[in-house]
Structure formats: C-alpha cells, structure tokens
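This report refers to the structure that appears directly beneath it.
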Amino acid sequence: MGTQTEPTTEVKKTSKNYHDTLDESIAKMKLTFSNASLPQIFAVMVTVGYTAEKIAALNSELAQLETLSQGQIKEYADQSSEQKKFSDKHDEINAVFNKDRALLRILFKGNIHAWVALKLDGENPKAIDAWTALLNNFYAQLTNSSDLLTAASGVGVNKRSVDAQLKALADLEILKQSLRKETSEAQSATDARDTAFDALYPKYTEYIKYAKVLLPDNQALEAIGVKVKAK
C-alpha cells in the first residue's frame, strides 16, 4: 500500500544570521544593549547619537522581540502536539483500512461491481484529501449495501468495525481542522517574531560598527560582545 501525505503543516522558521541561530543573535543583542549604558561605553557612543533615550528604545524593542520569540516557541509546541495527535490517529485508521482492503480484495476477486464500488483497484492516494475520500467511500459503500456488508462480515469486516472507522474518520477531520488552526497561529507568531527581528538586528549591527570604530582595540568592547585581541 502507498503511504499517505499528511496536511502541509510545516512552520517556516527562518535563521536571520548566516552564522548564528536566531536565539544566539537575540542573546548577543541583549548583551550589547544591556551594557550600552556602561560609563566607558556610553560616553563614547553618545557622540554618534546613542543617547540614554535611544538606548532605552533599543532595549524596549529587544524586550518586545523576546516576548514574541517566547510566544513563537509556545505556538510551535502547540502545533507540534496537534501534529502528533493527527499523525497517530491517521496511522491507526490507515492500518485498519489496509487490512480491511486487503481482505476484501481477496474476498471479492472477480466481482467487478464490488471492486468498482469499493475502489479496490490501485494504490492508496498520497494526498490526504484523496486518501480521506477513498476511505470514506469504502466504508460508506459497505454501510449502504447490505449485500456487500454481509459478505464482508464473513472475513471480519462487519458493521461494528465499519462504524468505528467512519467515526474515526470524522474525528480525524476535526483533528485536521485543529491542526491547520494551530499551524496558522504558529506561522503568524513566527512572522511576527521575524518582523521584529528584521527591524532590530540592523540597528544592532550598526551600533557594533560604530563601537569598533570609536573604541578600537579597547577592552570595553568585550562588554558589548566584541572580542578584542590581547596585546
């Protein structure tokens, strides 16, 4: 049997710095802006516009970014949890369907009507919507045809098991909608975090560039995350 593809639920998580992870970049900004008010650094950087008000504004933006980053982590965890629920339910239903379909392919060999009605020919679709349609048709046909169900009951595919599969498919649809909702929320949280990062990170790099020019080889640079070669 073919394997089924589950809903597209991947949240796009971008790394904004080719050398650092996003969390590492945030940590560097926090170190820099937290120590920007140190006297030996502030006295020099204020000459290029880094006033107390400007530094406070940078720290405020950073705090907002940290809040958005924590929110993104939570939303992504929620999405991952829903994904597992969906995947587990999907695999459970599919295992039963593969067994039922295999049994009825043997039972109805040569019965064209049964093969067409139950769509016993071909592999399982990979797309989740097509896969769901195939299974719903399979069990609905058995429910609606007493002849097919009576024959199928002889190999263990009875009304009780058919009803259970239809209920499980309905439950899976609910999980799918919940998963899509969580995925959308996780993506929105990721986009909000990335927008805030994109707005702040260039301000950080500009600050560092000024600091390197104004405090060349000064050990004070270590306090804002810039390594200084020992003399």
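Quick note: the coordinates plus some simple rules give every number you see, no bench work behind them. This structure is a prediction, so every number in the text was calculated from the model and none was measured. Glycine gets a Cβ as well: all are built from the backbone with ideal geometry, and neighbour counts include every protein chain shown.
Report yes if Ile93 is among the β-branched types (Val, Ile, Thr) and either without any contact (Cβ under 8 Å) to a residue 60 or more places away in the chain or over 30 Å from Trp131 (Cβ atoms) (or both), otherwise no.
So Ile93 fails the test.
For the structure I just gave you, tell me whether Gln64 is buried (at least 17 other Cβ atoms within 10 Å of the Cβ), farther than 16 Å from Ile224 by Cβ and touching a helix residue (DSSP H, G or I) at 6+ places or on another chain (Cβ under 7 Å).
Criteria not met by Gln64.
Taking segment 114-130, which residues are hydrophobic (A, V, I, L, M, F, W, C) and more than 27 Å from Gln177 (Cα to Cα)?
Ala114, Trp115, Val116, Ala117, Leu120, listed by residue number.
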